[in-house]
Each structure stands twice: as structure tokens, then as C-alpha cells.
1. Could you sort 74-85, 114-125, 92-103 so that the peptide with the highest average Cβ count within 10 Å comes first and the rest follow in order?
2. Among 164, 26, 55, which residue has its Cα positioned farthest towards the positive end of the charge dipole of the chain, with +1 placed on the Cβ of Lys and Arg, -1 on the Cβ of Asp and Glu, and the dipole taken about the Cα centre?
3. Can you run phi through the Karplus equation (6.51, -1.76, 1.60; θ = phi - 60°) for segment 59-74 and list ³J(HN,Hα) in whole Hz, with x for Gly and Pro?
4. Based on the Kirkwood radius over alpha-carbon pairs, what is the Stokes-Einstein translational diffusion coefficient of the chain at 25 °C with 0.890 mPa s viscosity, in µm²/s?
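Please treat every number below as a calculation from the coordinates, not as lab data. Note that this is a predicted model, so its numbers are computed, not measured. Please note: Cβ atoms are built from the backbone with ideal geometry, for glycine as well, and neighbour counts cover all protein chains shown.
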Amino acid sequence: MGHVNQRAMQLFFSLLALIALTGAVVIVFSRLFGRRNAALGELRGSVSTVALPLAALVAVTSMLGSLYFSEVADLVPCTLCWYQRIAMYSTAIILVVATIRRRDWAVRPYALTLAVIGAVVSTYHYLVEWFPEIESDGVCSLTVPCNYVWFRRLGFVTIPFMALCGFLAVGALLAFCRPEEER
């Protein structure tokens, strides 16, 4: 039963990651082409009204997913996973507090910086999973190597890929969706 539930949760979080990635891509396209396409511009405007709480939701969901995989599914995080966690957990806390403070957009540079750092680490970690030979600086330990893939859903979705999708979604929401007073 536990194995079935773990596989279901892997698929669930994989699908959430793909939804987050799709949302990030749509936000970027709406920013690039919103002036030429009224529907895209209107979409971005609608998302902008809830961008900060939505970014907080993405970050908290990412945080809960990582906690599920380590604390419930017993998947031991590697060094790069810990770096990603530091960035995501901090981002989640900052964005939740900003949302509670009635959408305090002043946190944007801090949360965006953490999201960019997290995305860089996630990208590197994902590449290490596919090309283990690129990890030559000894960041990862022998007991929990960073190139070990706990699971790969849909042929490409792994834990670092999910983290990357979360960071990209948070980054897109913070970078390309502006509150009313800034537009």
C-alpha cells in the first residue's frame, strides 16, 4: 500500500510541477506578447491581482512536497537538495509573510533573488542527474550522491526538475506580474 501511495504522490507532485512550469511559460509569453494580443494582456492583468499569494502557494506547496519526499517517503536529500531547500523554504516564508501583510510587494527583490539562486542550483542538479560526469567539484557526498535519481516520472520529471519548476513559477509571478499601483 505504501509503495502505491508513494508512486501516486510522485505522479501528483510531478503533475503539479508541470502545471507550475506551464504557468511560468504562459506568464512570460503574456509579458512578451501581451501588447499585441489582448487576451494575453488581460490574462496577465488577472494573474497580477493574485500573483503574490499565488507565488506563496507555489513556494509552500514545493516546500511541503520536499518534506513529503524526505520525511514520509524516506528519500534522503543530497547536498544540492539541501541548497534548493534553503532557497525554497526561505522564499516560502518571505512570500507568506508578504501575503499576510496585505500583499507587501516590497519583498519582490529578496524572493526573486532566492528564486533565481534556487533555479540555478536546480538546473545544475538536474543536469548532474543526466550527466553525472559534470559533477567534478566534490559538492556531493559518497553516501548520498547528487546524481542518484530517486524516481523519474513521465520519463523526465525528477525532484530537482520539480524544484526548478517551482522556482520558475515563483520567479515568473514576481518578475512579470505587477500590482495595480505599478502599472
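1. With the highest mean Cβ count within 10 Å placed first, the list reads 114-125, 74-85, 92-103.
2. The residue sitting farthest along the positive end of the dipole is 26.
3. 3J(HN,Hα) across segment 59-74, in whole Hz: 5, 5, 4, 4, 4, 5, x, 5, 5, 4, 5, 8, 8, 9, 7, 6.
4. On the way: Rh = 17.0 Å.
Calculated translational D: 144 µm²/s.
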